[in-house]
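Below is one structure, written out as structure tokens; comments come after it.
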Amino acid sequence: MDYQYPISYDWNTDEVVDVITFFECVEKAYEKGISREKIMQAYKRFKEIVPSKSEEKQVCGEFEETSGYSAYRVIQKAKNNTEIIKM
């Protein structure tokens, strides 16, 4: 991993940790596969921290730009799948 996670100075420490956890789940979906339940749980917490669609697009866009991993595609696949999410 040669990139940094997008974070906001408005988030407290717990929120930063939870956002990073969400992006780590996205990475796992691409690299190994992850259970739908785990990625959706992380996404639910991410949406509590980043409730606005525009901010979500910005943060996830920054992550995709630096990592090459699309959080949007992972979540779309998880919404339409029932078990393991593997990109």
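Residues in the range 35-57 that are open to solvent by 40 Å² or more (accessible area, probe 1.4 Å) and either in contact (Cβ under 8 Å) with a residue 40 or more places away in the chain or β-branched (V, I, T) (or both): S35, R36. Restricting attention to the range 1-34 and to residues that are surrounded by fewer than 14 Cβ atoms within 10 Å (Cβ to Cβ) and of a type in the set (S, T, Y), the residue that is modelled with the lowest pLDDT turns out to be Y3. Taking the range 41-87 as the range and being assigned to a helix (DSSP H, G or I), more than 13 Å from the chain's Cα centre (by Cα) and among the small types (G, A, S) as the test, only S54 passes. A residue that is modelled with pLDDT of 95 or more, open to solvent by 90 Å² or more (accessible area, probe 1.4 Å) and charged (D, E, K, R) occurs nowhere in the range 75-85.
The values are calculated or read from the model by the stated rules, or taken from the named source; none is laboratory data. In this text, all values refer to a predicted model and were calculated from it rather than measured experimentally. For neighbour counting, all protein chains shown are included, and Cβ atoms are generated from backbone atoms with ideal geometry for every residue, glycine included. The protein model used for the area step is the full one, side chains on, heavy atoms only, and it has no ligands, DNA or RNA in it. Shrake-Rupley method; radii C 1.70, N 1.55, O 1.52, S 1.80 Å.
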